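The structure under discussion appears below in the form of structure tokens.
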Amino acid sequence: MSHTTAPTTLRTAICLACILAAVSAVAAPAQDLRLNAPIERTLSGQEEDSYTIRLEKKQRLKAVAEQKGVDVVVQILSPKGEVLATIDGPTGDQGPETIEWIAAEAGVYRIVVKPLEANTKPGKYEIRLLEVRKATRAELENVRTNQDVKEAEKEWFAARFRGDEAALRVLAATDYARVFPSGPPVTLDQVIHQIQELRKRDPGVLRSLEPDLIDVRPYGDTALVSGHTVGTNVRNGREFHVPSQFVHLWRRQDGKWRLSAEEVFPAAPIPQTHPVVSLSDERMRGCVGRFQHPGGTVLVVENAGDHLVVRPETSSTDLKWELYPENEAEFFTKDDVASVTFVRDVQGKVIHALFIAGGQAARLTPLP
């Protein structure tokens, strides 16, 4: 053995031991989920908890993760370790995250619970297994419908983005109509013409079109779908995002799901009048600071006396929002295009903020 082998081996062993220690500190050993046996845990930072349950093919499980001070994300993993579903409802750090799944194969499934944010402070949650039973025929049919319609939605938006006339005609029903909050319905021929004209004028104006938060409600051979899209556009060399909401009506015709009607409308809130209140200087100063936007931008919140000013820390434009207090937590622009809601801990310190501008919501994290 050479003189360099032992030290190298020792360093390797030490590094491996450190890695294993770090992993064990973050991910606790998996625990079996049992009926009528709730488990309460505390989570923070990058920790995660794992639970296992054996399911037979076509068995249905229902569980709930009750959040008691920590906002969690729940994942369901297959016996092969593939992520089957990610669950994160708009409940914040209080309330239930409902977990439902029907097994496509027999085996041991894993449920992983972890904080939504990596810098989350310690908080408790409780997970309970509510039922495990054989899925009904209707439930199995709904699962297939849900999967088929979601796949059809992806194909529809992909064809819209490409301007693929042939694919759109295959996916659309013969009585297809697109409706708007105002104005007459639009036929499929008109929709295709609009897409083609837009691409002729500026082929690069639409960079992406992605559906999100799709909710499918099956009713036999009909399915009602609601969701969001975010279109990434480019104008004058600048990229910006246009959020929209949609409602789709799908019908099963000749064994295939076809889009019969759709309504699309802006995701931005309808402007409304908010009362403006006066807050103490101390309360206003408590909102001031630098906040990390999930898109990478740092936003600065400044005290302007009777209102707050929110602006990007670095920007080549004069972009800013002047927000007036409706109460101690909620601030709005007078034209209602933007708002910010501050969430505080028991000591009154801001722990995060919900910022909405142009119909897009983002959770802001305070920076030192």
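The values are calculated or read from the model by the stated rules, or taken from the named source; none is laboratory data. Keep in mind the model is a prediction, meaning the values are calculated, not measured. Ideal geometry is used to build each Cβ from the backbone, glycine not excepted, and the neighbour counts take in all protein chains shown.
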Expected output for segment 149-166 (first residue in contact (Cβ under 8 Å) with a residue 60 or more places away in the chain, partner buried (at least 16 other Cβ atoms within 10 Å of the Cβ) and in a helix (DSSP H, G or I), Cβ below 7 Å, 6+ apart or cross-chain) is A152/L171; W156/L171
In segment 226-273, anything aromatic (F, W, Y) and modelled with pLDDT under 65 is listed as F240
Condition set among the acidic types (D, E) and either part of a loop (DSSP other than H, G, I, E, B) or buried (at least 20 other Cβ atoms within 10 Å of the Cβ) (or both), scope segment 85-110, selection modelled with the highest pLDDT: answer is E105
Condition set at pLDDT 85 or above and among the basic types (K, R), scope segment 335-368, selection surrounded by the fewest Cβ atoms within 10 Å (Cβ to Cβ): answer is K349
Scanning segment 111-136 residue by residue, those buried (at least 19 other Cβ atoms within 10 Å of the Cβ), assigned to a strand (DSSP E or B) and not aliphatic (A, V, I, L, M) turn out to be K114, P115, Y125, R128
Among residues of segment 137-159 being within 21 Å of the chain's Cα centre (by Cα) and among the polar types (S, T, N, Q), the residue surrounded by the fewest Cβ atoms within 10 Å (Cβ to Cβ) is Q147
Being crowded, with 16+ Cβ neighbours inside 10 Å and part of a loop (DSSP other than H, G, I, E, B) narrows L319, L279, L299 down to just L279
